[in-house]
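For reference, the structure is listed below as structure tokens.
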Amino acid sequence: MRDAWVLTTLLAALVAPLAAQEEDVGIAVGATAPAVTVRDLDGKPVDLAQYIGKKPVLVEFWATWCPICKALLPKMEAAQRRYGDKVQFLVVAVAVNESQNSVRRHLSQHPMPFTFLWDADGAAVRAFQAPSTSYIVVLDANGKVVYTGVGEDQDVEAAVGRAVTAIDGRGR
């Protein structure tokens, strides 16, 4: 009986920190977007700074094989239709079990209205502390993180709306 109690106590002690860590995954809201260079789908270097600080930016970490990314697509497209003139939508394809060619092939068969980038060496994943694919970061026009989320239940339009409201509130 005592062993069961010890085991239960140990498990509870291990699970509590894990639950707390799940709430703090990814780059912190309020942080400044990190400087990072990725590649376009032709292999040319792209500094994300060229997009940041001009207007809000949504960055999704994505993969062709990700079912959650596929489930998020209608929400991403709806947000892009609503805010596309005010927000830059970037999709960072992660280099896990796929290649630039497989991403290009996928996009030729399933076109999407976003700018696609290639994170060949995981620099963007590390810089944004992306915990998984389907991870979304929304930056305001000053390059500050206003939203992070992961999973198919994200309200992408509301997340993007936070960044747009910040612009409209300043009269820009």
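The values are calculated or read from the model by the stated rules, or taken from the named source; none is laboratory data. Just so it is clear, the model here is predicted, and its values are computed rather than measured. For neighbour counting, all protein chains shown are included, and Cβ atoms are generated from backbone atoms with ideal geometry for every residue, glycine included. The area values use the complete protein model at the heavy-atom level, side chains included, leaving out ligands, DNA and RNA. Shrake-Rupley method; radii C 1.70, N 1.55, O 1.52, S 1.80 Å.
The table below lists the values:
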| quantity | calculated |
| --- | --- |
| Members of the range 50-64 that are surrounded by 14 or more Cβ atoms within 10 Å (Cβ to Cβ) and at negative phi | TYR51, ILE52, LYS55, PRO56, VAL57, LEU58, VAL59, GLU60, PHE61, TRP62, ALA63, THR64 |
| Subset of the range 123-144 [among the small types (Gly, Ala, Ser), open to solvent by less than 30 Å² (accessible area, probe 1.4 Å) and assigned to a loop (DSSP other than H, G, I, E, B)] | ALA130, SER134, ALA141, GLY143 |
| Unique residue being of a type in the set (A, V, I, L, M) and over 19 Å from PRO67 (Cα atoms) when the list is VAL96, VAL138, VAL150 | VAL138 |
| Selection status of VAL92, in contact with an Asp or Glu (Cβ under 9 Å, 6 or more places away or on another chain) and either of a type in the set (Asp, Glu) or open to solvent by less than 40 Å² (accessible area, probe 1.4 Å) (or both) | yes |
| Any pair with Cβ under 7 angstrom, 6 or more apart, that starts in the range 42-53 at a residue that is in contact (Cβ under 8 Å) with a residue 24 or more places away in the chain and ends at one that is in a loop (DSSP other than H, G, I, E, B) and open to solvent by 70 Å² or more (accessible area, probe 1.4 Å) | GLY53/ASN142 |
